[in-house]
Amino acid sequence: MQSPFTIGLILFHDLTQLDLTGPYEVLARLPGVRVHLIAATLDPVRSDRGLTMLPDTTFDTSPDLDLLLVPGGTGIYNAMQDAALLSFLKRQAAQARFVTSVCTGSLVLAAAGLLTGYRATSHWMSVDLLPKFGVEAVRERVVIDRNRITGGGVTAGIDFALVVAAEVFGVAVAQEIQLMIEYNPAPPFNSGSPETADVDVLRAAIDKRREVQEQRRALVEQIAARHIE
């Protein structure tokens, strides 16, 4: 009997829940899969907006994964420096069929050395930080490079998961899932990317987050420097 396709989604405090729950809604609908929510302990994990999620598996008890997924969020500051998490990612990536991320989760993969020499994407405000880890940054919704699949910011996690579904189980399965979750985006505004947003909206968004982005850049440069040493 063939083993089920095993998926592991990483939980850490202050993750962005839609980075994880968007893909979860798609991936959990795949036929015969086993999905695990994995964290350092089985204690509840709070997202960066206060949603509490409950892991079912720990780094120590996780089975070997066919697909490993890392979300993003403000919690990446600690995640990129979490030795236990980075060790787990490296161990699983060595045998996983797919190593993946959504949003700034790609920076965590990069900090673990798992995107060096690969093409990858991230949230539009952070994608330019990937090259500091030897990653070829790409401004696309979903990027596939060999067995690395990365999604852009937050809502791109649904697109990402449908791409994964098609890669693993075929286009027909992915299309049926898209139909059943009625994923038929019709946003009320055309401001979903820096290329289409009103210039004043874009400028305000950048200005509000300038200090946070400077802190993120400084931390990434500090962690990336350790890889070079």
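The values are calculated or read from the model by the stated rules, or taken from the named source; none is laboratory data. Here the structure is a predicted model, which is why all the values come from computation and not from measurement. Because the Cβ atoms are built from the backbone with ideal geometry, glycine has one as well, and the counts that use them run over all protein chains shown.
Which of the residues spanning region 126-155 are farther than 17 Å from L18 by Cα and either aromatic (F, W, Y) or assigned to a loop (DSSP other than H, G, I, E, B) (or both)?
S126, F133, G134, V135, V138, R139, E140, R146, N147 - these are the residues of region 126-155 that are farther than 17 Å from L18 by Cα and either aromatic (F, W, Y) or assigned to a loop (DSSP other than H, G, I, E, B) (or both).
If D82 passes every condition in (1) in contact with a strand residue (DSSP E or B) (Cβ under 8 Å, 6 or more places away or on another chain); (2) surrounded by 17 or more Cβ atoms within 10 Å (Cβ to Cβ); (3) among the acidic types (D, E) but one, which one does it miss?
Here D82 meets the rest and fails (1).
Which residue, of A79, A93, A111, is aliphatic (A, V, I, L, M), in contact (Cβ under 8 Å) with a residue 24 or more places away in the chain and within 24 Å of V168 (Cβ to Cβ)?
None of the other options fit; the residue is A93.
Please work out if D14 is in a loop (DSSP other than H, G, I, E, B), under 14 Å from the mean Cα position of the chain (by Cα) and at pLDDT 95 or above.
yes
Quick one: what pairs do we get from region 207-223, first residue over 16 Å from G73 (Cα atoms), second of a type outside the set (S, T, N, Q) and outside any helix (DSSP H, G or I), C-beta under 8 Å, 6+ apart or different chains?
What qualifies is I223/M80.
Could you list, in sequence order, the residues of region 1-44 that are over 21 Å from T74 (Cα atoms), crowded, with 22+ Cβ neighbours inside 10 Å and out of contact with any strand residue (DSSP E or B) (no Cβ under 7 Å at 6 or more places or on another chain)?
Listed by number, the list holds a single entry, V26.
Kindly list the number of the only condition in (1) in a loop (DSSP other than H, G, I, E, B); (2) crowded, with 18+ Cβ neighbours inside 10 Å that fails for P188.
Among (1) in a loop (DSSP other than H, G, I, E, B); (2) crowded, with 18+ Cβ neighbours inside 10 Å, the lone unmet condition for P188 is (2).
Does A111 fit the bill of being more than 27 Å from V33 (Cβ to Cβ), buried (at least 24 other Cβ atoms within 10 Å of the Cβ) and out of contact with any Pro (no Cβ under 8 Å at 6 or more places or on another chain)?
It is true that A111 is more than 27 Å from V33 (Cβ to Cβ), buried (at least 24 other Cβ atoms within 10 Å of the Cβ) and out of contact with any Pro (no Cβ under 8 Å at 6 or more places or on another chain).
Mind checking whether some residue in region 45-61 is crowded, with 23+ Cβ neighbours inside 10 Å and part of a strand (DSSP E or B)?
Yes, some residue in region 45-61 is crowded, with 23+ Cβ neighbours inside 10 Å and part of a strand (DSSP E or B).
Can you confirm whether A224 is among the small types (G, A, S) and part of a helix (DSSP H, G or I)?
yes
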